[in-house]
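Structure, as structure tokens:
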Amino acid sequence: MISKAFAAVAAGAVTVAASASIGVVPMPNKVVEKEGVFKCEGDWVAKIEYASDAAIPPEGYRLDVTPERISVWSSDDAGRFYAVQTLRQLGNPIQCVEIEDAPRFKWRGLLFDDGRHFFGKETLMKTLDAMAVHKLNTLHWVLTQDQGWRIEIKKYPELTRKGSVRAGSPKPVVLRTPQDVPEPNTHWVNNHIPYGPYFYTQDDIREIVAYAAARHITIIPEIELPGHSVAALSAYPWLGCTGEQFEPWCRWGVSEHIYCGGNDATIKFLEDVMDEVCELFPGPFIHIGGDEAPKTVWATCPKCQKRIADLGLKGEEGLQGWMTDHFTKYLAAKGKRAIGWDEVLDGDPGKDTIIMSWRGPQGGIKAASRGNDAVMCPIDPCYIDNPQGLEEDPYEYINYGFQATLERCYGFNPTAGVPESEHSHILGGQGNNWSEYTWSGSELEWKIWPRMSALAECLWTEPANKDWSGFKVRIAALRRRMIREMHINCAPLQ
Ligand SMILES: [Zn+2]
């Protein structure tokens with residue numbers, strides 16, 4: 001039987017004593033230690049006794065460890081799966097214990113950017129394995145960028161034939177202060193080393209989606225529009241406003257050349273791409289980007305200006321708003337919800353668009369106040385391509401003046417600043433590693449872990465049950481296990 005107290009715990013209404021001696025990350029929300037131990041021998045996981053209990057919240061579980069047996073209750077498969085993740089972290093032998101646990105947020109994510117640098121299937125699957133250990137359930141997969149198109153689209157083969165290869169990459173620069181960031185963007189120095197072709201076939205994607213699903217992780221693809229689209233424009237120049245021939249970018253930054261918002265053929269192209277994307281990704285959400293889309297070229301494009309005039313839109317921002325709404329509705333007809341970066345709020349989107357708040361929490365706070373759902377990933381502290389504050393660190397970072405130390409990540413609270421009556425609009429949060437300065441899989445792992453472990457606890461564990469000093473003890477043990485058993489290049493703790 002599941003107690004009323006459990007439901008209260010899940011709702012965060014009861015303060016419970018989290019036990020520092022339980023070495024689990026993220027910290028379970030209610031732990032009662034008991035006498036005795038259970039010895040893990042043979043195929044002990046196969047002998048776990050499972051039962052259903054509809055009163056347990058989605059993804060939640062209750063488990064009871066006695067010297068004789070392990071019993072698990074849940075209302076869904078994810079809850080069962082997470083109970084096993086908890087058990088595996090309890091060591092051997094397992095201290096007898098009762099745990100009642102459920103996540104604080106339903107969106108517990110990590111952004112994986114294959115656009116700027118490409119990491120491939122092996123790194124991605126290792127990352128999914130490590131996410132599952134942390135009860136993270138959403139991978140936001142960036143597949144299109146100015147610097148590379150990474151997803152095979154059968155109807156438009158040039159996207160990957162031409163768009164997945166670039167002639168070079170920026171030489172690494174040491175960014176110790178924000179002033180070191182080259183501005184304007186043209187100051188990047190090209191290393192002239194060809195990069196690509198790098199992309200995922202549709203078979204690769206089906207395999208990865210299934211691998212993630214087996215770990216209760218939903219993959220949300222990002223097909224960016226209208227900006228960050230130079231790789232697509234290089235494959236099909238008619239997608240842009242000017243028809244110029246571009247090459248996939250060999251530098252970082254923001255391009256003023258974006259998809260033409262006034263050209264019906266461009267809109268049809270994007271619909272065709274979305275058709276194939278929706279077939280490949282069974283999850284309920286598709287990310288349509290919307291950030292960093294300068295309007296300079298739209299301002300002088302006859303097609304864009306005609307659409308603005310014909311529809312009575314409020315200038316170029318209104319045109320982006322029209323595109324956001326168009327694709328939100330297009331995806332809704334296919335049973336999907338569209339997500340956009342917080343810039344899409346400038347175009348006054350409909351209530352169905354989910355807002356991903358990155359420039360700070362303000363976008364998410366505004367979204368919740370106007371009735372839109374939001375995912376919180378403010379640049380401070382959720383951008384884990386920012387420096388992590390280690391004394392010795394062999395890797396490069398973006399540096400816009402933020403330091404995402406482990407402790408700062410641990411302080412993340414997705415509902416900070418959101419009125420309580422609007423908390424239900426905050427779906428959760430995620431950590432983002434944009435890959436301009438992340439050149440390899442092992443470097444990526446160094447940047448993700450253990451900071452993503454801290455963010456995972458912020459997204460799973462009720463604030464009253466979080467404890468920084470206890471976390472440091474628990475993450476030290478999990479970090480050793482990730483290095484030893486999963487061969488993950490975890491950064492040290494500060
Ligand atoms: Zn145009």
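Where a number appears in this text, it was derived from the coordinates with a stated rule and is not lab data. Being a predicted model, the structure only gives us computed values, none of them experimental. Cβ coordinates were reconstructed from backbone atoms using ideal geometry, including for glycine residues, and neighbour counts include every protein chain displayed.
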Past the 29 Å Cα-Cα mark, which pairs from Lys155/Lys329; Lys106/Lys351; Lys106/Lys268; Lys334/Lys466? Lys106/Lys268; Lys334/Lys466
If you line up the long axis of helix 202-213 against the longest principal axis of the chain, both from Cα atoms, how many degrees apart are they, to the nearest 10? 30
Percent relative contact order for the chain, counting Cα pairs under 8 Å at least six residues apart, stands at 16
Whole-Hz ³J(HN,Hα) for each residue in the stretch 246-253, computed from phi via Karplus 6.51 cos²θ - 1.76 cosθ + 1.60 with θ = phi - 60°, x for glycine and proline: what do you get? 10, 10, x, 4, 9, 9, 9, x
For Asp53, residues with placed amide H under 5 Å, excluding near neighbours: Ser74, Ser75
Would you pull out the residues with amide H under 5 Å of Val37's amide H, same chain only if 5 or more places away, H placed 1.01 Å from N? Cys96
So between Arg206 and Glu247, what do we pick up on full extension, going 0.36 nm a residue minus the alpha carbon distance? 11.9 nm
Checking the table Lys295/Lys447; Lys314/Lys366; Lys447/Lys472 against a 23 Å threshold on Cα-Cα, which pairs fail? Lys295/Lys447
Alpha-carbon spread of the chain, three principal axes, descending order, Å: 76, 45, 41
CD proxy at 222 nm, helix term only [per DSSP H run n ≥ 4: -39500 (n - 2.57); per residue of the chain; nearest 500]: -9500 deg cm²/dmol
Difference of contour (0.36 nm per residue) and Cα-Cα distance, Ala477 to Asp272: 69.0 nm
Stretch Met486-Tyr236 to full length: gain in nm at 0.36 nm per residue minus the Cα-Cα span? 85.8 nm
Go through the stretch 474-486 residue by residue and turn each phi into a ³J(HN,Hα) via Karplus (6.51, -1.76, 1.60, θ = phi - 60°); whole Hz please, and just put x for glycine and proline. 5, 6, 4, 5, 5, 4, 4, 5, 5, 6, 6, 8, 10
What residues from the stretch 212-242 fall in the zone where the backbone N is under 13 Å from a label point 7 Å along the Cα-to-C-beta line of Leu311? 226
Under 5 Å, built H, 5+ apart or other chain: amide partners of Phe285: Arg337
Once both axes come from the Cα atoms, what is the angle between helix 451-460 and the longest principal axis of the chain, in degrees from 0 to 90, rounded to 10? 70
At a 10 angstrom cut-off on C-beta neighbours, averaged per residue, how do the peptides 98-108, 412-422 rank from highest to lowest? 98-108, 412-422
How do the peptides 38-46, 448-456 rank, highest first, by the average count of neighbouring beta carbon atoms within 10 Å per residue? 448-456, 38-46
As an exercise, find the ratio Rg/Rh for the stretch 249-383 from alpha-carbon atoms, using the Kirkwood inverse-distance average for Rh. 0.96
For the pair Lys329/Ser52, report the inter-label distance in nm, with labels modelled 7 Å from Cα in the Cβ direction. 4.0
In whole Å, how far is the Cα centre of the stretch 439-468 from that of the stretch 290-342? 35
Of the DSSP beta bridges with both residues in the stretch 107-486, give the percent that are antiparallel, rounding to the nearest 5. 15
Could you work out how far helix 315-332 tilts from the main Cα principal axis of the chain, as a 0 to 90 degree angle to the nearest 10? 50
